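Participant: Just dropping this structure here.
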């Protein structure tokens, strides 16, 4: 049996494990791309001109509430993922969690206008950095989806994942992703979470939270082999 706990009892081995984990991170990530939430403290994140307040003000000023959503009183948030390249420009905008076709399209449009960024830095050099941004649409009501669609992708590569089991937590309702990573699920009104299970990937729970589109990123599982522990 692998006993990771015992591995951390000696300082020298603890440093070795930290080094291994850091090396694994470097190997699996594209050397030109790093995730904003995983950046080391000695590096800097990308920043919109004027900071967070200026970013929020720009979105509030330029966001157009789609007529279809406004007439339906639809309220909710759209989460987008995009890249700030080494020149501070926005690229590769994708909706990760959406509430309607019209609101999702508007979230992509407003994100494409966010052109004035200082790029993220690593070891003193500008780098491509992924950013997640939530855009709010405020209406009179939030509508629980009856159908959820989306795709599963590997977080480190962005490639679609097939044969991933997506289950509505607490039910026997589920679906398996196709060759392009896509899935769709009918969900009961009381559903709150999706569970994602796949061989070679860490299990994940995702909150539904009124989203009708949920694209899911999964992390590969890693195993640390402890040569110090006796075999059973």
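Derivation of every value follows stated rules applied to the coordinates shown; laboratory data play no part. All of these numbers come straight from a predicted model, not from anything done at the bench. No Cβ is skipped: glycine too gets one built from the backbone with ideal geometry, and neighbour counts run over all protein chains shown.
Participant: Evaluate E = 1/(1 + (r/R0)^6) for residue 144 and residue 118, where r is the Cβ-Cβ distance and R0 equals 25 Å; express this FRET efficiency to the nearest 0.05.
Facilitator: Computed FRET efficiency for residue 144 and residue 118: 0.05.
Participant: Measuring from centroid to centroid over Cα atoms, what is the spacing of the stretch 171-232 and the stretch 65-96 in Å?
Facilitator: Centre-to-centre distance over Cα atoms comes out at 24 Å.
Participant: Still on this structure, I have one more. Hey, with R₀ at 30 Å, roughly what FRET efficiency would residue 68 and residue 184 work out to, going by the Cβ-Cβ distance, to 0.05? Let's see the in-between values first.
Facilitator: Details: r = 21 Å, r/R0 = 0.70.
Between residue 68 and residue 184 the formula returns 0.90.
Participant: What FRET efficiency comes out for residue 134 versus residue 89 if R0 is 30 angstrom and r is the Cβ-Cβ distance? Round to the nearest 0.05.
Facilitator: Given R0 = 30 Å and the Cβ-Cβ separation, E is 0.90.
Participant: What distance in nm lies between label points placed 7 Å from Cα along the C-beta direction at residue 165 and residue 101?
Facilitator: 3.3
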